[in-house]
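This report concerns only the one structure given below.
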Amino acid sequence: VDRNPDARIVEVEIDARVAPVRINPSLTVQAWTYNGGIPGPVIRARVGDRLIVHFTNHLPQPTTIHWHGLRVPIQMDGVPEISQPEVVTGGSFTYDFIVPDAGTFWYHPHVMSAAQVGFGLYGALVVEDPSERVGVSDELTLVLSDIANEENGTLESPASAGTSVMDFGLSQL
């Protein structure tokens, strides 16, 4: 929900937290979510809009939001030790930037990325270019995932990815 009345400002709140998520009719898991769901909410903006995201972390470990594929100021890029500090448990951070590019992007963490994305942290960012007239009366954004779970219903450990865990810093698990 955009809480800013200015038509050129999109201002939303995103809360990272563990929440129950039904992944099929007979299975609910405790997943890592943005605003309680998987995927996180679709954020919609237009080229040139100011996007303000008030982010709060209620997860059991630090996290961030990275705006994948979108050209943003380095301080807003969500890459710990490079562009911003990790957002610790109970902490918050406000992402605030002008959206420069049209397209469909995704947002996700850059802290232990394979694990945190694998546990459910991702969402779509759709940026329209007002000068483009596509002429489509209806649009649907699909976000696909392959969440894996153990037989007892818990989420499968990202460490099961074999040697690729080293690529994502999962040796810390």
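At full extension, Leu140 and Thr28 could sit 37.8 nm farther apart than now, given 0.36 nm per residue minus the alpha carbon distance.
Per-residue ellipticity at 222 nm, computed for the chain from helices alone with -39500 (n - 2.57) per DSSP H run of at least four residues, works out to -1000 deg cm²/dmol. Each listed q (0.13 Å⁻¹) maps to a log10 I(q)/I(0) for segment 72-123 from the Debye sum over equal C-alpha point scatterers, namely -0.35. For segment 1-106, the solvent-accessible area works out to 50 Å² per residue, with a probe of 1.4 Å and every protein chain left in place. Ranking Trp32, Trp67 from most to least accessible surface, computed with a 1.4 Å probe over the protein chains only, gives Trp32, Trp67. Out of every Cα-Cα pair in segment 39-97, what percent are more than 12 Å apart? Tail fraction, whole percent: 70. Efficiency by 1/(1 + (r/R0)^6): what FRET value for Thr94 and Gln61, r their Cβ-Cβ distance, R0 = 22 Å, to the nearest 0.05? Result of the calculation: an efficiency of 0.60. Measuring from centroid to centroid over Cα atoms, what is the spacing of segment 118-145 and segment 39-93 in Å? Cα centroid to Cα centroid, the span is 18 Å.
Placing unit charges on the Cβ atoms only, positive for Lys and Arg and negative for Asp and Glu, gives the chain a dipole magnitude near 200 debye about its Cα centre. Across the accessible surface of segment 49-162, with the other protein chains kept in place and a 1.4 Å probe, carbon and sulfur atoms take up 53 percent.
Placing dummy labels 7 Å off each Cα toward the beta-carbon, the span from Glu132 to Ile9 is 2.7 nm.
Across segment 22-159, Cα-Cα pairs farther apart than 26 Å form 28% of the total. Within segment 19-97, report the trypsin sites (Lys or Arg not before Pro) that DSSP leaves as loop and that have at most 15 other Cβ atoms within 10 Å. Passing both the DSSP loop test and the Cβ count: Arg71.
The values are calculated or read from the model by the stated rules, or taken from the named source; none is laboratory data. Keep in mind that what you see is a predicted model, and the values were worked out from it rather than measured. Because the Cβ atoms are built from the backbone with ideal geometry, glycine has one as well, and the counts that use them run over all protein chains shown. What goes into the accessible areas is simple: the full protein's heavy atoms, side chains included, and nothing from ligands, DNA or RNA. Shrake-Rupley method; radii C 1.70, N 1.55, O 1.52, S 1.80 Å.
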